[in-house]
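What follows is a short report on a single structure.
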Amino acid sequence: MTEFSSTTKPVQELVEDGDELPQSYIWRSDNTGDYGAIDSSVPLATEIPVVDVSLLVSSSSAMDPELLKLRSALTSWRCFQVVNHGIESSFLDQVRKLSREFFHLSKGEKQKYARPSDSIEGYGKDSILHENQLLDWVDRLYLTVHPQDQQELKYWPENPISFRDMLNEYTAKLRQIKEQLLKSMAMSLSLPEDSFLKQFGERPTMAARFNYYPPCARPDTVIGIKPHTDGLGITILLQDEQVEGLQLHKDNQWFRVPIMPHALVVNIGDQLEIMSNGIFKSLLHRVLTNSTRERNALVMFCAPDPAQEIGPVEELVDEKRPRAFKNIKNYSESYFYYYQQGKSLLDAARV
């Protein structure tokens with residue numbers, strides 16, 4: 001992975017140093033190169049389904065109410081909030097606390113975990129892969145958390161002291177939730193419960209991305225994260241418990257995602273759209289900035305083993321629904337190049 005520049009300051013430093021807003025952060029709409037205001041006055045998505053994981057565990061038929069709700073969520077909103085997921089509220093509060101503490105460490109302490117130019121792991125800005133790339137108003141700490149032998153511990157903060165233990169425990173809890181959700185998603189389509197899990201392979205990956213959005217004086221012209229779909233299987237998000245920012249696109253309109261402090265937001269990524277032969281759609285979403293308040297979020301990306309070939313589940317391909325996607329491997333490797341150009345790799349995977 002070759003970068004055009006590795007000298008871009010973290011956004012937090014731009015703010016603290018009082019730097020003038022770089023032109024590379026000014027929103028350019030519709031990939032036309034034209035500058036335009038970001039409309040933040042969009043409705044709240046109060047109808048996003050709330051799914052009870054404890055009821056999914058006890059469901060056995062696609063006609064069970066919670067599985068019907070799950071299928072409806074995946075085919076309409078393309079995301080849902082999960083409750084009764086087995087993670088204590090106090091632990092989620094601790095996760096948020098340690099995340100904030102990391103981003104408020106000294107500049108020198110955070111730089112111990114700085115992302116090198118040839119990797120996505122570590123602290124700092126996203127890679128700059130293209131000339132004139134629109135930059136997101138976010139600093140991040142990106143860490144592969146599973147499989148364990150893929151962890152690059154030199155990028156795992158030792159300060160705050162309990163950060164590593166917290167992240168390992170959080171990962172273990174989310175692995176269980178992820179597996180239950182994938183089983184339930186398959187069952188909601190009347191498939192064997194391991195239909196999607198099998199395609200995730202022997203060594204599925206999970207990566208944590210801690211996102212920090214400093215206050216932005218120009219929220220009308222600077223975007224937190226540009227519109228995109230996720231290039232993986234599913235995403236599990238722990239939102240900031242007070243500050244909104246996440247928005248989703250549905251029916252040609254943007255909606256604000258409501259905050260439920262101890263729920264987790266789950267959305268579909270490109271690779272599960274491929275596996276479901278287009279029945280489930282990956283979610284187009286974005287993050288806006290806030291003029292006065294910082295925002296923190298923790299994203300867990302859950303993807304198939306890169307060596308595993310994925311494709312539409314055979315039972316979902318027939319005369320009424322022909323195969324929509326090719327079989328592919330290592331989708332994530334090419335995804336970032338497309339993302340930073342504002343393009344979708346999913347289009348290239350279509351039959």
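Reported to the nearest whole Å, the Cα centre-to-centre distance from the stretch 187-245 to the stretch 269-336 is 10. The residues of the stretch 229-284 have, on average, 26 Å² of accessible surface per residue, using a 1.4 Å probe with all protein chains present.
In nm, what is the difference between 0.36 nm times the number of residues separating L129 and K112 and their Cα-Cα distance? Intermediate values should be presented prior to the final figure.
On the way: separation 17, 0.36 × 17 = 6.12 nm, distance 2.32 nm.
Contour length minus Cα-Cα distance gives 3.8 nm.
A dipole drawn for the stretch 5-161 from +1 and -1 charges on Cβ atoms has a positive end, and of S127, T75, L21 the residue lying farthest that way is T75.
Of the residues T75, T205, T235, the one that moves most in a GNM of the chain with alpha-carbon contacts below 10 Å is T75. Each Lys and Arg contributes +1 and each Asp and Glu -1, all at the Cβ; summed about the Cα centre of the stretch 50-148, the dipole is approximately 180 debye. Largest GNM mean-square fluctuation across M166, M300, M185, computed for the chain with C-alpha springs under 10 Å, falls on M166.
Under the convention that each Lys and Arg Cβ holds +1 and each Asp and Glu Cβ holds -1, the size of the dipole of the chain around its Cα centre is about 220 debye.
Mind giving me the FRET efficiency for D347 and R164? R0 is 45 Å, r the Cβ-Cβ distance, nearest 0.05 is fine.
Details: r = 39 Å, r/R0 = 0.87.
The calculated FRET efficiency here is 0.70.
Choose one of A62, S99, S184: the residue whose Cα lies farthest towards the positive end of the charge dipole of the chain (beta-carbon charges +1 Lys, Arg; -1 Asp, Glu; about the Cα centre). So the residue furthest toward the plus end is A62.
By the rule of a C-alpha distance below 21 Å, with chain neighbours fewer than 8 residues away ignored, the lysines paired with K97 are K107, K110, K112, K173. Distance between the 7 Å Cα→Cβ label points at A172 and Q242: 3.1 nm. In the chain, helices alone account for a calculated mean residue ellipticity at 222 nm of -7500 deg cm²/dmol, with every DSSP H run of four or more residues adding -39,500 (n - 2.57). Label sites at E202 and S41, each approximated as a point 7 angstrom past Cα along Cα to Cβ, lie 5.8 nm apart.
On a full-extension model of 0.36 nm per residue, what is the gain between F91 and Q148, subtracting their alpha-carbon distance, rounded to one decimal in nm?
Numbers: separation 57, 0.36 × 57 = 20.52 nm, distance 2.16 nm.
The span from F91 to Q148 would gain 18.4 nm if fully extended.
Pop the C-beta distance of R323 and D194 into the FRET formula with R0 = 22 Å and round what comes out to the nearest 0.05.
Details: r = 21 Å, r/R0 = 0.96.
FRET efficiency, R323 to D194: 0.55.
Distance between the modelled labels on E314 and E16, one decimal in nanometres: 5.7 nm (7 Å Cα→Cβ projection). Remark: the S60-K9 segment gains 13.2 nm on full extension, using 0.36 nm per residue and subtracting the alpha carbon distance. Each Lys and Arg Cβ is given +1 and each Asp and Glu Cβ -1; about its Cα centre, the stretch 186-339 then shows a dipole of about 500 debye.
One compactness figure for the stretch 290-351 is 1.56, namely its Cα radius of gyration divided by 2.2 N^0.38 Å.
Only one item in (1) 60, 53, 38; (2) 58, 46, 39; (3) 53, 47, 41 matches Cα extents along the principal axes in Å derived from the coordinates shown, and that item is (2). Computed in the context of the full set of protein chains, the accessible area of the chain at 1.4 Å probe radius has 47% of its extent on carbon or sulfur. For K326, a cut-off of 17 angstrom between C-alpha atoms picks up these lysines, skipping any fewer than 8 places away in its own chain: K281. Springs between alpha-carbon pairs under 10 angstrom, Gaussian network model over the chain: which of S117, S99, S188 fluctuates most? In the Gaussian network model the winner is S117. Loop only by DSSP, 13 or fewer other Cβ within 10 Å of the Cβ. Give me the GluC sites (Glu not before Pro) in the stretch 85-159 that pass, ordered by residue number. Listed in order of number, the matching sites are E88, E131, E152, E158.
Could you work out the per residue convex hull volume over the alpha carbons of the stretch 149-211, in cubic angstrom?
Details: hull volume 6.0 nm³, N = 63.
Roughly 96 Å³ of hull volume per residue.
The values are calculated or read from the model by the stated rules, or taken from the named source; none is laboratory data. These numbers come from a predicted model, not from an experiment. Glycine also receives a Cβ, built like all others from the backbone with ideal geometry; neighbour counts cover every protein chain displayed. The accessibility values were calculated without ligands, DNA or RNA, using every heavy atom of the protein model including side chains. Shrake-Rupley method; radii C 1.70, N 1.55, O 1.52, S 1.80 Å.
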